[in-house]
Amino acid sequence: MFNGLISKSVIRDDMKIFTPKLCRDLNTLIVISHGSSGVGSAEQNLAQQFLVKGYNVAILDYFTKYNIESLGWIDFGPYMDKHSCTFEQMFDIELPEYKNYIHIGCSLGGYYGLCNAQKFTKNYCFYPGIIAVTQDLIEKDYSNTKVFIPSRDTWCDNYKDFELMLKTPPNVIHVDNAYHGFMLEDKDREILITKYNTTNRILSNEQFGHLRPNHYSFALLYPERVNETIRLKSSKQHAILSVNYILKELETI
């Protein structure tokens, strides 16, 4: 997969771990979490860029073991989500033992990063989808976290409402003239999705524990919703700048 870059790979049902042939830092693991499309070329491309630089890399996969190919985020038709596992179950992944964990997640993966911020030395969340707000999320210390917000994101556009609730919010990097999905490869399309108003209430831990990638589960908690056409668009320039920004910060570890 990575053109002879790796000396070892470990495949689990929720993760693939890669060790580069020339490892520069035995103590650090780059943890990459995916968005609603599942593990694809974007995650593999990110992994390759960090393997080239000599970092150990893990690509999380919280879909496959629950027989999820992707999430449709629409409240009607064949792409309506009807999955029975919970987000809490999906996100409950035991990481291999390293001293430093550097997390990079996009969209749904960005929300995974927010939920698990306490696990990471550094945490980079790109256009995170705020699936739910809990008191635990509000109380969490995000001083290790940076959130990349594209100026033209019309899908996950409720981050500011979420940020205003937080006691120790992340640092925000505003990405001008960029769309949701700018870290993806070769993407420029419009899709119809259902946007749930997930920041208008705070869920209890029990309520979040039952929240599933399932339209009926969301509609029960968030009856206020709207169907909207949003745009996904790659930006190679912004993606390169973002990866270089992360690599530069890793030099300080």
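We did not get these values from a lab; they are worked out from the coordinates using the rules stated. Being a predicted model, the structure only gives us computed values, none of them experimental. Counting neighbours? That spans all protein chains shown, and the Cβs are built from the backbone with ideal geometry, glycine included.
Summary of computed values
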quantity	calculated
Trypsin sites (Lys or Arg not before Pro) restricted to the stretch 1-103 and DSSP loop, no more than 12 other C-beta within 10 Å	Lys21, Arg24, Lys99
Extension gain from Arg152 to Asn27, taking 0.36 nm per residue of separation minus the Cα-Cα distance	41.3 nm
Unit Cα scatterers, Debye sum, the stretch 194-253: log10 I(q)/I(0) for q = 0.17, 0.20, 0.26 Å⁻¹	-0.75, -0.77, -1.04
Loop-located trypsin sites (Lys or Arg not before Pro) in the stretch 175-253 whose Cβ has at most 14 other Cβ within 10 Å (DSSP)	Arg201
Reachable lysines, given that their alpha-carbon falls under 28 Å from the alpha-carbon of Lys21 and they are not under 8 places away in the same chain	Lys8, Lys53, Lys99, Lys119, Lys122, Lys236, Lys248
Residue-averaged 222 nm ellipticity for the chain, from DSSP H runs of 4+ at -39500 (n - 2.57), nearest 500	-6500 deg cm²/dmol
Max mean-square fluctuation residue, GNM over the chain, Cα-Cα springs under 10 Å, options Ile74, Ile191, Ile102	Ile191
Partner lysines for Lys195 [C-alpha distance under 22 Å; skip if fewer than 8 residues away on the same chain]	Lys82, Lys160, Lys187, Lys233
Cα-only radius of gyration and Dmax that characterise the stretch 105-253, units Å	15.5, 46
Environment charge at His215 (Cβ cut-off 11 Å; Lys +1, Arg +1, Asp -1, Glu -1)	+1
Antiparallel content of DSSP bridges confined to the chain, in %, to 5	40 percent
Centre separation in Å (Cα based) which lies between the stretch 156-187 and the stretch 220-253	6 Å
